[in-house]
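Novice: What follows is a single structure, and I will ask about it in a moment.
The values are calculated or read from the model by the stated rules, or taken from the named source; none is laboratory data. These figures come from a predicted structure and were not determined experimentally. We place every Cβ from the backbone using ideal geometry, glycine too, and count neighbours over all the protein chains shown. The accessibility values were calculated without ligands, DNA or RNA, using every heavy atom of the protein model including side chains. Shrake-Rupley method; radii C 1.70, N 1.55, O 1.52, S 1.80 Å.
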Amino acid sequence: AVAGLEQDDAFWLRHSITRLLAVDDEEDICLGIQSAMEDTGVEVAYATSGAKAVEMAAQACQKGQEFHIILTDWQMPGMDGLETARRIREAVGDDVPILILTSHDLEDAREAGKGQGIDMFLPKPFFRSSLQRAMSQLLDGSGGEPQPEQEDFSLAGLKVLAAEDNEINAEILQELLEMEGMECQVVPNGKAAVERFAASAPGEF
């Protein structure tokens, strides 16, 4: 686990990825992406509208400080993520990877995004590990979307212990995991998680 974490931390600097632009009309989501990318060496700027994102990307390009990743939500009021991606692509050229975050079906998103200059679609919620996998694929030249897991891979039957103080988030988490056949027990904070895990049978979670 430690080696994997070191590899994750080194990934961004090794590939000279130090500037990311996050675009979402909900500022909390942008701040969440900033928080998720802490300690990676990646500076995260954000815009809460597509128009502002296009302006920021163009200005950065003019200054020779191009963003190394553009990460934009799909469904936004006014200029949506697809239009935002198209306009940013026109402003900065083909070299900057543009990825779309969406809570909708990925196949529908890919179909709608054809010809818009989008490199990849990622599911919401945002996870740093998902972005790293996507960027690794793009940098390796494999392109396209992440490959599906092997057909015999299944999460069914796994038991998960989660710490989450927001009741709505906890309910969503439980529903998502149960859809995959997993069992999830939620406790309200880290202290409770440590105590519950310490009291669990070996291999219970």
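Novice: I need a count of the residues in segment 89-98 that are open to solvent by less than 80 Å² (accessible area, probe 1.4 Å) and of a type outside the set (Lys, Arg). Step through it out loud before you land on a result.
Specialist: Narrowing segment 89-98 to residues open to solvent by less than 80 Å² (accessible area, probe 1.4 Å): 89, 91-93, 96-98.
Narrowing the set further to residues that are of a type outside the set (Lys, Arg) leaves 91-93, 96-98.
So the count comes out to 6.
For every residue, the table says whether it meets (1) open to solvent by less than 20 Å² (accessible area, probe 1.4 Å); (2) closer than 23 Å to Asp140 by Cα; (3) at pLDDT 90 or above; (4) not in a loop (DSSP other than H, G, I, E, B).
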{"site": "Ala53", "(1), (2), (3), (4)": "yes, no, yes, yes"}
{"site": "Ala58", "(1), (2), (3), (4)": "no, no, yes, yes"}
{"site": "Glu66", "(1), (2), (3), (4)": "no, yes, yes, no"}
{"site": "Gln75", "(1), (2), (3), (4)": "no, no, no, no"}
{"site": "Gly78", "(1), (2), (3), (4)": "no, no, no, no"}
{"site": "Arg87", "(1), (2), (3), (4)": "no, no, yes, yes"}
{"site": "Ile100", "(1), (2), (3), (4)": "yes, yes, yes, yes"}
{"site": "His104", "(1), (2), (3), (4)": "no, no, no, no"}
{"site": "Gly115", "(1), (2), (3), (4)": "no, yes, no, no"}
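Novice: Conditions: (1) of a type in the set (Ser, Thr, Tyr); (2) touching a residue at least 24 places away in the same chain (Cβ under 8 Å); (3) over 18 Å from Val96 (Cα atoms); (4) outside any loop (DSSP other than H, G, I, E, B). Tyr46 meets all but one. Number of the miss?
Specialist: It is condition (3) that Tyr46 fails.
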